[in-house]
Amino acid sequence: MKIRMLSFFFVLVALQLSAQTNHAQLKAAAPDTADVNSIDGIISAYYQVLQGEAGARDWTRFRSLFLPSARIDAVNYSKEGRAISRMGSLEDYIRNSDAFFRRSDYYPREVTNQVQYYGHMAQVFSSYYATTYFQNRSQPNRTNGVACFQLLYFEGRWWIANLLWNSEKANSPVPTHLD
Amino acid sequence: MIRALLFILLLSCFQAPTQASTSLDATIVTFYQLLSGPAGPRDWEKLRGYCAADAQFNAVTYAEDGSPSPLIGTIDNYINNAGPFFEKNGFEIREIKRKTQIYGNIAQIFSTYQASYTLAGNAEKFEERGVYSFQLIRTSSGWQFLHVFWNVESPFDPLPEEHLPPKSNSAPAVVPKTKASTPPTQPTQKAAPGAYLYKPGEIDLPPRYPGGEAALKNDLKKHLKPSGESYFRRPDGSTWINVQFIVNQEGKVEQFQVVGATEPLSLAQLKALSTLPDWQPGRLNGQPVRVMFNLSIPFNP
């Protein structure tokens, strides 16, 4: 019995990849080496970009962590405590969250993470808590959550291929130990 | 990450159900079942019912020489390209190991698969293994796939034990093609220590520590006692150290150093580090190569 890769039937997909993934764009997003040469580095850079006082975020650095095709999907909760999903592309996320970061101090901190890894693919289950200080509110808002990263290792660096997170109210437990 | 992030609600998962409510386990089982069968059509509408409208289907496959080829696409790309293949060729795929992590309304799964297929007009049976990473969301009608990403097993990087079922109940193992059977001849890279030192950007497959990066960090934390000068502080106040070393062609670590340290490592620390397990070396064109490795580790003084 012989082993063969199914690569041949993906030739068409590969062609679409080169059309879809604009190589100029890949090259333009020159990353900081420390941000992308390890799994730790890229997760830590992700949290670093988002945290800080109200103001502009370094979206150039943020983009440099992601494949241009990346999706950033999330489940949050409404005022009534109902789960709501917010889905979009990397650029949707940047466009739609920029105003929030400009008016809020936001400090997400990773608590712990767990990594599964094979070949050129890794997935990270990263638990975090976040504190938000809105300009018009005296009480900070605490949220807990988990961010799930799919990572690709290609061209000598890690890329965030997709991201999915779930944030919960602070009274819901944040995993501190992941089995 | 928080509800105030007002980005466009492109798609609400809590709309009218598109399928009967199903458990996470049943969803994964169904995914594999939908791909399996003799040559002929697959029930793509049913698969779409389990996926978000623009679910991502990414993959890493390998060329004959072991160099990786990532494929980025959506469920439409996948159906358009896999569909004609399944029409012509019988394909059976089953899961042999699964790790599940759930929080709130999201789940992440690492699922090892084993597949066999025949090609039209050819009696020969081909085998393939690999790993799927699934990211799913819980909707009112059950679990839904958002991000599907799989990595075909590389002939030069067999699946490690941790991703395989216990030997006793496993099916007859697929014996990966050994590197000896098709070594791309590159004698210049087979030299001993002192051979060309690659940067991570120049190779196909990064060196891999048994148990992955988390295990490496843990092991290094146990044995390292860095001097005060080697710590650096990140904007969030946490303290870190940077380590740098070479993983050679045999998977042994050379020239380990803590960046910024004013004193070399003590003999005791070096001895302790030498007890750490060997790495799987980094690879270029399937050949093991010598690679420079940098790592940042959170470390409290």
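The values are calculated or read from the model by the stated rules, or taken from the named source; none is laboratory data. Quantities reported herein were computed from a predicted structural model and do not represent experimental measurements. In this analysis, Cβ positions are derived from the backbone assuming ideal geometry, glycine residues included, and neighbour counts consider all displayed protein chains. SASA here: full protein model, heavy atoms, side chains in, ligands and nucleic acids out. Shrake-Rupley method; radii C 1.70, N 1.55, O 1.52, S 1.80 Å.
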Check: Is the range B:70-77 home to any residue that is among the acidic types (D, E), free of Cβ contacts under 8 Å to residues at least 40 places away in the same chain and either over 19 Å from B:Q135 (Cβ atoms) or in the same structural domain as B:L164 (by TED's automatic domain parsing) (or both)?
Finding: yes
Margin query: If I filter the range B:161-173 for residues that are open to solvent by less than 20 Å² (accessible area, probe 1.4 Å) and either of a type in the set (K, R) or modelled with pLDDT of 90 or more (or both), do I get at least one hit?
Written below: yes
Margin query: Going by what's in this entry, would A:D35 be described as more than 9 Å from chain B (Cβ to nearest Cβ), of a type outside the set (V, I, T) and over 30 Å from B:K97 (Cα atoms)?
Written below: yes
Next item on the list: Hey, can you tell me all the residues within the range A:85-103 that are at the interface with chain B (Cβ under 7 Å from one of its Cβ atoms) and touching a strand residue (DSSP E or B) at 6+ places or on another chain (Cβ under 6 Å)?
Entry: A:S85, A:R86, A:M87, A:Y93
Check: Within the range A:124-153, how many residues turn out to be of a type outside the set (K, R) and surrounded by fewer than 17 Cβ atoms within 10 Å (Cβ to Cβ)?
Finding: 8
Notebook entry, point to check: Got at least one residue in the range A:53-62 being part of a strand (DSSP E or B), surrounded by fewer than 22 Cβ atoms within 10 Å (Cβ to Cβ) and out of contact with any Phe, Trp or Tyr (no Cβ under 6 Å at 6 or more places or on another chain)?
Noted result: no
Next item on the list: Determine which single condition B:R48 fails, assuming it passes every other condition in (1) under 23 Å from the mean Cα position of the chain (by Cα); (2) at negative phi.
Entry: (1)
Next item on the list: State whether the residues of the range B:117-125 include one that is modelled with pLDDT of 95 or more and touching an Asp or Glu at 6+ places or on another chain (Cβ under 8 Å).
Entry: no
Next item on the list: Might you check whether a residue that is over 18 Å from B:S133 (Cβ atoms), touching an Asp or Glu at 6+ places or on another chain (Cβ under 6 Å) and surrounded by 18 or more Cβ atoms within 10 Å (Cβ to Cβ) occurs anywhere in the range A:102-117?
Entry: no
Notebook entry, point to check: If you take just the strands (runs of 3 or more DSSP E) that sit entirely in the range B:38-146, which of them hold at least 3 residues that are in contact with a Phe, Trp or Tyr (Cβ under 7 Å, 6 or more places away or on another chain) and open to solvent by less than 10 Å² (accessible area, probe 1.4 Å)?
Noted result: B:51-62, B:106-118, B:125-139
Notebook entry, point to check: What are the residues in the range A:63-73 that are more than 7 Å from every other protein chain (Cβ to nearest Cβ) and either farther than 30 Å from B:R138 by Cβ or open to solvent by less than 40 Å² (accessible area, probe 1.4 Å) (or both), if any?
Noted result: A:S64, A:L65, A:F66, A:A70, A:I72
Notebook entry, point to check: When the residues of the range B:286-301 are filtered to those that are in contact with a helix residue (DSSP H, G or I) (Cβ under 9 Å, 6 or more places away or on another chain) and away from chain A (no Cβ under 14 Å), which remaining residue is most open to solvent (accessible area, probe 1.4 Å)?
Noted result: B:P301
Checklist line | Residue, modelled with the highest pLDDT, within the range B:242-277, restricted to residues that are farther than 23 Å from A:G41 by Cβ and acidic (D, E) | finding: B:E250
Next item on the list: Being part of a loop (DSSP other than H, G, I, E, B) and surrounded by fewer than 22 Cβ atoms within 10 Å (Cβ to Cβ) is the filter here, so list the residues in the range B:204-222 that pass it.
Entry: B:P210, B:G211
Check: Restricting the first residue to the range B:90-114 and requiring it to be facing chain A (nearest Cβ under 7 Å), which pairs with a second residue that is part of a strand (DSSP E or B) and basic (K, R) meet a Cβ separation below 6 Å and a spacing of at least six or different chains?
Finding: B:N105/B:R138; B:F110/B:K99
